[in-house]
1. Exactly one condition in (1) more than 28 Å from Arg28 (Cβ to Cβ); (2) outside any helix (DSSP H, G or I) is not met by Thr254; state its number.
2. Out of the range 164-193, which residues are in a strand (DSSP E or B) and within 24 Å of Ser13 (Cβ to Cβ)?
3. Go through the residues of the range 2-14 one by one and say whether even a single one is within 19 Å of the chain's Cα centre (by Cα), of a type in the set (D, E, K, R) and either in a helix (DSSP H, G or I) or under 22 Å from Ile154 (Cα atoms) (or both).
4. State yes or no: is Ile57 of a type in the set (Val, Ile, Thr), within 26 Å of Leu217 (Cα to Cα) and without any contact (Cβ under 8 Å) to a residue 12 or more places away in the chain?
5. Kindly indicate whether Asp143 is part of a loop (DSSP other than H, G, I, E, B), acidic (Asp, Glu) and touching a strand residue (DSSP E or B) at 6+ places or on another chain (Cβ under 6 Å).
6. Of the residues in the range 49-108, how many are outside any helix (DSSP H, G or I) and hydroxyl-bearing (Ser, Thr, Tyr)?
7. Identify all residues within the range 194-228 that are assigned to a helix (DSSP H, G or I), small (Gly, Ala, Ser) and over 17 Å from Val276 (Cα atoms); write none if there are none.
8. Name the pairs whose Cβ atoms lie under 6 Å apart, with the first residue in the range 215-235 and under 24 Å from Val33 (Cβ atoms), the second assigned to a strand (DSSP E or B) and of a type in the set (Gly, Ala, Ser), and 6 or more positions between them or separate chains?
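The values are calculated or read from the model by the stated rules, or taken from the named source; none is laboratory data. All values derive from a computational prediction rather than experimental measurement. Counting neighbours? That spans all protein chains shown, and the Cβs are built from the backbone with ideal geometry, glycine included.
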Amino acid sequence: MNQLNFFSHEQISQRLWIFTEGYSMVHRFTIGVIIGDEKILVVDSGLGATNDLRETIESVVGKDKPLICVCTHLHPDHAGSAKRFDEAYCSHLDWPARSDFALNAQQRLTDLEGFSLNNAEVLAYGKTHIIENADSTFKDIQDGDIFDLGGVQIEAVHVPGHSAGSMAFFNRAEKYVFTGDAINTDVRLRKLGRAGFSSYIEMLSRFIARVGEDVTLYPAHLPLAMDISIARNLIVICQDLLDGNTAGDPPGETIFAERNNNPDVRMHYYNNTCIVYSEKMLAES
C-alpha cells in the first residue's frame, strides 16, 4: 500500500507550529511543536497508527536539533509515537500505571476504528504501519518543571482530572498553553465522584490564576485556539453537577462502540462546553 499522509501543519509564530494527526475529518489530534535555539519540544505524539510523525516534523522544522516529546497524559492517542523522539516525558502518575492500556497496539487499532469512522483503507494501513510502542519509557514530569529549549522556556502545569497525571505546557512569555484533554470544550471525567469534581474546580481556579486572563489555549483534539472562558465554563458545569442540576442531560455516547450504551454516562453542557460524567459515580461519593 502506498504511504498515506495523515498530517497537516500550520505556523502560528516564528517558534510555534501546530501539527495535526487526523484519521478522519472529525477526529484529529493536536501536536504542538515549539522551536528553541537548542532543542525542539513536541507536545503529544498522536496515536502512532502511522510511523512517520518525526520525519514529518523534521521535514518542516529541520533535523539540526534534538526533538524532545512531552505527553500531556498517557492515553493511546497522546503517546503513540513518543518513543520515536530523543527523550520522552510523562507524569509518573500516569506511567507506568496506564501502560497496559495506552501502549497496547491492539487497543490503539481498536481505537483507530472509531477515529477513522471505520474506514477500511485507513484500518488496513494502520495494521501494517502502527508503531509497536509497549517498550516506551518516559522521564517524569513534575508541576513547575521548566523545559529550557534555548531562548524559549516551557513550564509544566499539573491539571489532574481527565487522568491523575495530566499536564499542561505553558509558555509564559508568549502566553499560550497546551492543555491536552484536561481543559477543552469536551472533557471526559467519567471516573470522578463528588470529591473529584470539587478537586477539579480547585484545579481550574488555580490554573486560571496561574496562566492569566489573556492566555491562548490549544486543547488536544481541535486545531483551534481557545481562550480562558473555556476553563470558567467547566467550573460552572462542575458546580451544576455538584448541585444536582442534571435533569435532561443526554447520554454520553462516544465513537468507541464498546464503550457506548452505558446509561450511567451523561453529558452536561454550559455555553459551548461539555463534561461527560457518570451518574453512578456522582451519586455514590
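1. Thr254 satisfies all of (1) more than 28 Å from Arg28 (Cβ to Cβ); (2) outside any helix (DSSP H, G or I) except (1).
2. Step one: of the range 164-193, the residues in a strand (DSSP E or B) are 167-171, 176-180, 186-188.
Matches in the range 164-193: Met167, Ala168, Phe169, Phe170, Asn171, Tyr176, Val177, Phe178, Thr179, Gly180.
3. yes
4. For Ile57, the condition - of a type in the set (Val, Ile, Thr), within 26 Å of Leu217 (Cα to Cα) and without any contact (Cβ under 8 Å) to a residue 12 or more places away in the chain - is not met.
5. yes
6. Qualifying residue count for the region: 5.
7. Going through the range 194-228, the residues assigned to a helix (DSSP H, G or I) turn out to be 194-211.
Applying the additional criterion that residues be small (Gly, Ala, Ser) yields 195-196, 198-199, 205, 209.
The answer is Ser205, Ala209.
8. Ala220/Gly180
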